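What follows is one structure encoded as structure tokens, with my remarks underneath.
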Amino acid sequence: MTSRIPISNNFMFGRVLCREDICRGFLERVLGTEVGSIAYLNREQVLQPTVASRGVRLDVYAETALGVIDVEMQANPHADLGRRLRYYQASIDSGLLDQGSSWRDLRDSYIIFACDFDWLGAGFPVYTFDRLCRENSALSAQTGSTWVVLNACAGAIAPNEGLRNLLEYIRKGAVAPDDELISAMDAAVSAANEDREWVGSVMTVGDLLDDARADAIAEGLAEGRAEGRVEGVARMAALAAKLAEDGRAEDAL
């Protein structure tokens, strides 16, 4: 019997978070503020600033009254998150201004990485980054951009019950009693696991990625080339999973 795919799988995460009610609840719980209306919500959003540049594939991308928001599930502790955050920010910003627009028109943005590991090893359940002045941390560059990295390993010490329940669910799949958001997320995960065609595609994706990593290691590829190969496989696999979900498995083949 095929094992249950958890919310910490990035394909599952993207599928579940693209339900508007769940996405809004997740964002409000993480950001601690009302998000308001969601005008646009998409998973597997592909951004490529220039033809020759490396593109990025966003797990969940939303345009809200609060600003544009990218949410990523990160299960790889070796993903060089700092530079990834930097590149994702640049890729998102490059598409937010039309030619001739004022800098004031650049919308606020948030990038959220949900990690099932402690990226910086300091034990905080949430790491929030703004551009602060090194000489006086009370001064901010006021860029309108915020990075939030969740550490699901530290869910037990999260500052409030809602965030604690969310992190515990990401890490352990634990459903807190009477938590409507977590119950809705878990119901969506269960429903997705009932879609056996989609589950089969996701499982195949995992096998392909494992094979790509093993091949890259065996060939002694440099880290950047190895990651590029794996990401190329991931992008093709993501398309296959999306086609399967849309009832187009034959097209995927």
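Every number here is computed from the coordinates shown, using simple stated rules; none is lab data. Note that this is a predicted model, so its numbers are computed, not measured. Every residue, glycine as well, gets a Cβ built from its backbone with ideal geometry; the counts of neighbours run over all protein chains shown.
Brief remarks on what is shown
- Overall dimensions of the stretch 127-190 by Cα: Rg and Dmax, Å: 16.0, 50
- Spatial offset of the stretch 128-183 relative to the stretch 67-115 amounts to 17 Å, using the alpha carbon center of each.
- Kirkwood hydrodynamic radius of the stretch 1-45, from the reciprocal of the average inverse Cα-Cα distance over all distinct pairs: 11.7 Å.
- Stretching Ala176 away from Asp108 to a fully extended chain increases their span by 21.2 nm, per 0.36 nm per residue minus the current alpha-carbon distance.
- Förster-model FRET efficiency, 41 Å R0, Glu194 and Arg131, C-beta, rounded to 0.05: 0.40
- Prolate/oblate/rounded label for the stretch 49-125 (Cα gyration tensor, a/c 1.5): prolate
- Fully extending the segment from Ser183 to Tyr40 would add 49.1 nm, taking 0.36 nm per residue of separation and subtracting the current Cα-Cα distance.
- For Arg54 and Leu97, the difference between the fully extended length at 0.36 nm per residue and the C-alpha to C-alpha distance is 13.5 nm.
- Size estimate for the stretch 1-152 follows the Kirkwood approach: the inverse of mean 1/r over distinct Cα pairs works out to 16.5 Å.
- Kirkwood estimate for the stretch 1-85, i.e. one over the average of 1/r between Cα atoms, Å: 14.2 Å
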